[in-house]
Each structure stands twice: as C-alpha cells, then as structure tokens.
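Novice: My questions will all concern the structure given below.
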Amino acid sequence: MNVDPMRIAWLLRADLRRGSPADGPVSDWFKMWWLIHGSREYPAWADQAVLREAGLFQPEPDRPAYDGFGMTSALRFLLDTREDLSSTFDVNTDEGLKHAVAWLFVHGVREHRLASAIDRCTLDALDAPPSFLVDGVPSADAKTPGLTWLMFFVWRTSADLQTHFDLAQAKDRQAYLIWFLFNGVPQLKLAPLVAARWHAWLHEPVLETPGKAAVPRAAYMLWQQHEQLQRAFDLQTHRGIAGLAMWSREVWRDQAELSWIGQPSMPLEQPVAAASQRPFGVNLIGFAFGELGIGEDVRMAAEACEAAGIPFAVVNIKPGDALRQADQALAAHVAKGEQQADEAPYAFNLFCLTAFDTARVYLERGRKLFEGRYNIGWWPWELPVWPSDWMFVFDLVDEVWAATNYTYQMYDKAASAAKSSAKVVLMSMPASVARVKPMTREELALPPSKFLFLYVFDFNSYLARKNPFAAVKAFRKAFNITDDNVGLVLKTMNSNPRNPLWLNFLRECAKDPRIIVLDKTMERGEVLGLIKSCDAYVSLHRAEGLGRTLAEAMLFGKAVIATDFSGSTDFLTKQSGFPVRWKRLPVKEGEYAFVGPSDHPWWADASIVDAAHRLRQARFLRNDIDFAPHAEDFFSPTRIGALMEHRLLEARAGKFGK
C-alpha cells in the first residue's frame, strides 16, 4: 500500500489548499507544514527519520541565540503559523529569541512530534555542556557529568526551576541533574533527546554482591534521595544490596515515569499478522455511534453479519464534533480504548464509509489498520462520475462493494480508469425498520387526519442534491391551496439559522400553511416512527447512492414518489412505487464535494409537473398496493448476509489460497 498521506491531507482540507500555492502538496510551504504541523495532527505519520536531511533544526548563521543554537527553519515556520507563539516570543530581540529557542527543544519538539526529525549534529549539540557551566561536580560515587544544553533549556523555560536551582552553585547543579533525570525527562517526555551516554551512566553498577547482584547508579541515586528506600534496603549488607538491585529492575518495568531508564530505545513494532493468519470474520469500520445515514450503514452491516453468523468487530470512527453520536446499538461490539489490543482482529476490513472518509482514516490511523487484512470499501457515492483527483483511493482497498447497479457501473468505470487492481462487486445494502419506536401523530405534533407526505433529509448534506425545494413546488402544484385534507412534512436537521439558503427555504415553506417543517435531530427509532405515522414518502433527489429513507418507507408499506434516477431505481419501479421523470442537469461548482468542472459532473432534475401527477396518484391509490413484501425481500439482512458470507469465503479462497 503506497498512498501518499500528504496528498490526502491536502485534498481533504480547504485551509491547507488556501495556504498552499498553486502547486499544492508538492510546494515547499506544504512540505514544511507537513513536517511541522502534520506530524502533530496526524501522529500515525510522525516518523520523520527519513527527513532529517531537511535541516529543520540547523541554526541560521545570522540569527544566533546561544553557541550552536539560534533561529531555525522549524522555529521560523512555527512562529509564522502559530499566533500564540508569535505573540509570546519577540524574536527580534536577543532575549526573545533565546526564550523561543529553549521552548522549541523543550516543548515544540514534543508538541509537534519532531524528535525523529532532529539531525545527529543537533542531538550532539544538545548533549554538549554550555560554556558558562562548570563541567563535573564531585559526588560520593563518581564524577558527575556536567549539565548539557538540553538540561539548561529545560531550566531556562521554567521560572520555578530557576527559583529552586541556582546553577551557579555546584550543589544546586547536582540536585538539578537528579531532578532532570528522574522528573524532568519523564514529565516533559524528553527521552528521545537524551544522549545514550546518560543511559549508560545511569546503568553503571556502583554496588555489587559476591553473587553478582548489581545496583545501578540510577537506583543508588534514588536510594540517596528517599528515606523509605534507605529503611527498606541496608546497603551495608549483601541482602540489602541484592534487594535494591531487584527493586531497580522492577521499578523500571512497572513505573511508567521511570521506564525510560530501563528502555534506552523504543521497542521494535511487532510484525503485523497477515490476513491469511487471522480468523475469518469482518472488522466493520464506520460511524458506529453517529446519528446520520452513513452511520446506519455500519449498523445494518452488523445486522447482516449477525443474521449470517459472520464473526465481526466494530471499529468506531468519529464523524466530527458537530454531529451527534448517541446511537448505542453497536456499543457492545466496539473496541474500547486499550481494553482490546487488536481492535480489528479479523481477516477482512469492511469500510462502511465514503471513500474520502476511508482516506481520512488512513491519514489519521496510518497503515497499521489496513495492513495484514483484506480491505473492502462499501462506499456510498451519489454522482455518475468519480472525481479525477481521487483516483488513488482505489489503492487503499482490495475490493469495492457497490450497493446498487448505479454505483457499480460508476465504480467499475472509475477503477478501470485508475488502473486499479481492486475488484468491484455488486453487494446490496440491507435495510430494516425493526428499531421503530411507534409514535402517534399527537406525539409528533402532526395533524391527526390529513394525508401526509414526508421527506426526511439532512440540511447539511448538499442541499442541491437533496432538492427539498422541488418537493415543496410539486406538493403545491399537485394540491390546490383550498385542499386542506393533505399536508407535507419536511423533517430535517443540522440547519443553520444564519444560513441564507435555510432562511429562503423557510420562507418558501411558509407560503403554504399545510407544509410542516420539523427541524431537529431525532433518535433512530423516532425517525422510523415518524415515517410510519405518515402516509407516503416523497424524494425528488437529484442523485442517491442508495436512498435509505425511501427503502424504510417501502418497508412500512408506504407509497414512495421519487426521481427515477440513481441508486433507488434498483428497488423503486412502476410496480413498486411512483418513479418521476427527469432531465439531465450539470452539477454547478460548489454544489457537491470533491468534484470539479473537469470531471463534468451531472445529475437528474425531477420534473415538477410529473412529480405533482405522481403525488396525486399516490394519494388516491394508497390502499390499492402493498409495497412492503418487495422491500422486505430486497433489503433483507438475512438474504444480504448470506451474499456477504459467500463473497468473503470466495475472496478468502482466491486471495489466501484456502
């Protein structure tokens, strides 16, 4: 898997595209941003060992602060991009620059995960003694090494340390050294910057018994500082020495703050198990708790797995702080923090996310979640074309599952254009209304006896695509204003009271008192209860990858009036509903994510006249057709679970040879 995380970050984030010149992710500005800020925001890619030659920490010769230290390209970029730093350090003054340089090595390197990007020359300089500090302070057991620049920088950044330790005094220098090694390094996470000689010095044996039990210097120094240790271990006896030696081995292992002394280098990562070595089953990756349509995708995938007896685990991905995440249906299956060492234990990863969110997961989690597994993207997409900038995402997966014939044709064409080896498979997405919470119209504040059409949509989900204005226009054209026995319910969420488009939408709805706007986030069962309580469903969408709410309405036996285009055409026909004629319409720039003019995107614009005719038909034919049986078979989790199992077994046999 060789997908460039820098390109993903640049494509996903408008703020970076605004900051980066026209040459985008290959610009010097963006490369510097990636080194300095990307390593902090995307820690999975923070290993900058191969980038040490960038010279981020080499001092500029015309801006010295101390001997061997001064303004660096890393510090300059941080000051240019972090307002908190530029307002704190006046680097135009010598004192301000000295403060900034000390901050860079004590705090900046840790905050931005840049330790592995520091070149050897800079690491050696940090370990050198400042010329104004005396080398060597006598101690009881050996000559104590002199303080280093790194130690001085820590002292320089803390007023409390400067108050407690007068480095002009030999006694205070020795006390400060002990504080630095046993408190400063673990608290400030400075172990990667501490030279190996200190580790060797701390492990030199200073006391031994005839049985060769050795007390390292670090343990002896701690013993000197703590009366409790002195009472526990009498170093005048062999037993006391042996006890302190054993204690030292345990403390390095068990106490996190001192473990850096026992581990001079980071342990090598264990090799990732291959998919063929993992048990059969699926790691479902998606918005497990997210109360939005794509969150329902991963929950329904879990229901299909349960129906087919496919073992599964759930990896939760956060959709963003602005979206409510309170659906607990999968809570028992989600790995919780460190309670599960391998949150994705099975051979197959199934990404119930958009391709773009799958790329975001790769950016945020790194390769580890993807490697050693057979990766499948069950990716929703609404347009009949794929954005050319995103062809590389097919390299993230071994296979793409298309939920409808419409998306299958698009993905098959796009994968071919991308010259990808990813297989494209038609795999219907299940749907269910089992979690319905029955609700009366009185509870929903809806008129009790009117024939109610319903449309459910997210105002934040590309309004031009959802096209609720067309539903309003078709309803008003279908039924004269004097017909008070009919109504239109528009259920939405994530609106913005300051959005001019939202205000215009409300004004349009207010022209007809029969139109009811429900603007709120409802629990899953309540939304299903709302669908069940209404008489028919209308969706004059311009494009749908699947059309989950249409499917749910059909499962309740409701008449569905919808644009005869895109994913919903798999299950909504003249025999099972009321398809609406349309004409082709170009997608305007900004109306849909990730596509541009060069992609020539388009979708369908439903005929208002035909839609009004279908609304009238649905009203008067409501008792003539039962739409539920067809939908129950088409969206059955049991049927689709069996198809999933068959395909997974087929893929395992073909890929893993067994």
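Novice: Failed condition for Val385, given (1) under 26 Å from Gln277 (Cα atoms); (2) in a loop (DSSP other than H, G, I, E, B); (3) at pLDDT 95 or above, with all others met?
Specialist: (1)
Novice: Something else now. Only one residue in Val109, Val101 is among the β-branched types (Val, Ile, Thr) and in contact with a strand residue (DSSP E or B) (Cβ under 7 Å, 6 or more places away or on another chain). Which one?
Specialist: On inspection, the qualifying residue turns out to be Val101.
Novice: Which of the residues that make up the stretch 595-632 are part of a helix (DSSP H, G or I) and under 19 Å from Lys532 (Cα atoms)?
Specialist: Leu615, Ala618, Arg619, Phe620, Ala628, Pro629, His630, Ala631, Glu632
Novice: I need every pair where a residue in the stretch 606-620 that is closer than 16 Å to Met554 by Cα and in contact (Cβ under 8 Å) with a residue 40 or more places away in the chain has its Cβ under 8 Å from the Cβ of a residue that is part of a loop (DSSP other than H, G, I, E, B) and of a type outside the set (Gly, Ala, Ser), sequence separation at least 6 or different chains.
Specialist: Final answer for the pair search is Leu615/Phe479; Arg619/Asp535.
Novice: Also, I was wondering about something else. Could you please tell me which pairs satisfy a Cβ distance under 9 Å, a separation of 6+ or placement on different chains, a first residue in the stretch 66-89 that is assigned by TED's automatic domain parsing to the domain that holds Val101, and a second residue that is of a type in the set (D, E, K, R) and in a helix (DSSP H, G or I)?
Specialist: Listed pairs, sorted by first residue: Tyr66/Lys98; Phe69/Lys98; Ser86/Asp80.
Novice: From the set of residues in the stretch 532-574 that are of a type in the set (A, V, I, L, M) and touching a Phe, Trp or Tyr at 6+ places or on another chain (Cβ under 6 Å), which is surrounded by the most Cβ atoms within 10 Å (Cβ to Cβ)?
Specialist: My answer is Ile561.
Novice: Separate question: Which numbered condition trips up Ser131, out of (1) more than 42 Å from the chain's Cα centre (by Cα); (2) assigned to a helix (DSSP H, G or I); (3) of a type in the set (S, T, N, Q)?
Specialist: (2)
Novice: Sticking with this structure for a sec: Please work out if Asp327 is farther than 19 Å from Met427 by Cβ and among the acidic types (Asp, Glu).
Specialist: It is true that Asp327 is farther than 19 Å from Met427 by Cβ and among the acidic types (Asp, Glu).
For every residue, the table says whether it meets (1) free of Cβ contacts under 8 Å to residues at least 24 places away in the same chain; (2) closer than 24 Å to Thr569 by Cα; (3) part of a loop (DSSP other than H, G, I, E, B); (4) not assigned by TED's automatic domain parsing to the domain that holds Asp327.
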position	(1), (2), (3), (4)
Ala415	yes, yes, no, no
Arg435	no, no, yes, yes
Tyr455	no, yes, no, yes
Ala464	no, yes, no, yes
Ala470	no, yes, no, yes
Asn480	yes, no, yes, yes
Leu490	no, yes, no, yes
Pro497	yes, no, yes, yes
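Novice: Inspect all residues belonging to the stretch 450-467 and state whether any of them is small (Gly, Ala, Ser) and over 37 Å from the mean Cα position of the chain (by Cα).
Specialist: Among the residues of the stretch 450-467, not one is small (Gly, Ala, Ser) and over 37 Å from the mean Cα position of the chain (by Cα), which makes the answer no.
Novice: Could you tell me which numbered condition Thr157 fails, if it satisfies all but one of (1) polar (S, T, N, Q); (2) modelled with pLDDT of 95 or more; (3) touching a Ser or Thr at 6+ places or on another chain (Cβ under 7 Å)?
Specialist: The single condition Thr157 does not satisfy is (3).
Novice: Residue under question is Leu51, and the condition is that it be under 30 Å from Arg373 (Cβ atoms) and either modelled with pLDDT of 90 or more or surrounded by 15 or more Cβ atoms within 10 Å (Cβ to Cβ) (or both); does it hold?
Specialist: Criteria met by Leu51.
Novice: If you don't mind, there's one more thing I want to ask. I'd like the residue in the stretch 1-12 that is of a type outside the set (S, T, N, Q) and surrounded by fewer than 15 Cβ atoms within 10 Å (Cβ to Cβ) and, out of all such residues, is nearest to Ser421 (Cα to Cα).
Specialist: So the residue we want is Met1.
Novice: Given the conditions (1) closer than 29 Å to Arg7 by Cα; (2) charged (D, E, K, R); (3) surrounded by fewer than 17 Cβ atoms within 10 Å (Cβ to Cβ), and given that Asp297 satisfies all but one, which numbered condition is not satisfied?
Specialist: (3)
Novice: Turning to a different aspect of this structure: Report, by residue number, each residue of the stretch 1-17 that is of a type in the set (Asp, Glu) and in a helix (DSSP H, G or I).
Specialist: Asp15
Novice: Evaluate the following for Thr72: is it among the polar types (S, T, N, Q) and touching a Pro at 6+ places or on another chain (Cβ under 7 Å)?
Specialist: Here the answer is yes, as Thr72 does meet what is asked.
Novice: Among the residues of the stretch 262-289, how many are modelled with pLDDT under 80 and touching a helix residue (DSSP H, G or I) at 6+ places or on another chain (Cβ under 6 Å)?
Specialist: Looking only at that region, the number is 2.
Novice: How many residues, within the stretch 512-529, are out of contact with any Lys or Arg (no Cβ under 6 Å at 6 or more places or on another chain) and either buried (at least 23 other Cβ atoms within 10 Å of the Cβ) or modelled with pLDDT of 95 or more (or both)?
Specialist: Of the residues in that region, 7 qualify.
Novice: Does the stretch 170-183 contain any residue that is within 42 Å of the chain's Cα centre (by Cα), β-branched (Val, Ile, Thr) and surrounded by 14 or more Cβ atoms within 10 Å (Cβ to Cβ)?
Specialist: yes
Residues are listed down the side, and each one gets a yes or a no for (1) in the same structural domain as Leu572 (by TED's automatic domain parsing); (2) buried (at least 18 other Cβ atoms within 10 Å of the Cβ); (3) closer than 22 Å to Gly567 by Cα; (4) at pLDDT below 90:
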position: Gln617; (1), (2), (3), (4): yes, no, no, no
position: Asp624; (1), (2), (3), (4): yes, no, no, yes
position: Ala642; (1), (2), (3), (4): no, no, yes, no
position: Gly654; (1), (2), (3), (4): no, no, no, yes
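Novice: Could you give me the residue pairs with C-beta distances under 6 Å whose first residue belongs to the stretch 302-323 and is touching a residue at least 24 places away in the same chain (Cβ under 8 Å) and acidic (Asp, Glu), whose second residue is crowded, with 21+ Cβ neighbours inside 10 Å and in a helix (DSSP H, G or I) wherever it lies, and which are 6+ apart or on separate chains?
Specialist: Glu303/Pro637
Novice: Ok, one more. Being polar (S, T, N, Q), assigned to a loop (DSSP other than H, G, I, E, B) and buried (at least 16 other Cβ atoms within 10 Å of the Cβ) is the filter here; which residues of the stretch 18-47 pass it?
Specialist: Within the stretch 18-47, just Ser20 meets the criteria.
Novice: Confirm whether Tyr462 is under 26 Å from Pro319 (Cβ atoms), hydroxyl-bearing (Ser, Thr, Tyr) and at pLDDT 95 or above.
Specialist: Answer is no for this residue.
The values are calculated or read from the model by the stated rules, or taken from the named source; none is laboratory data. Everything numeric here is computed off the predicted structure, so don't read it as measured data. No Cβ is skipped: glycine too gets one built from the backbone with ideal geometry, and neighbour counts run over all protein chains shown.
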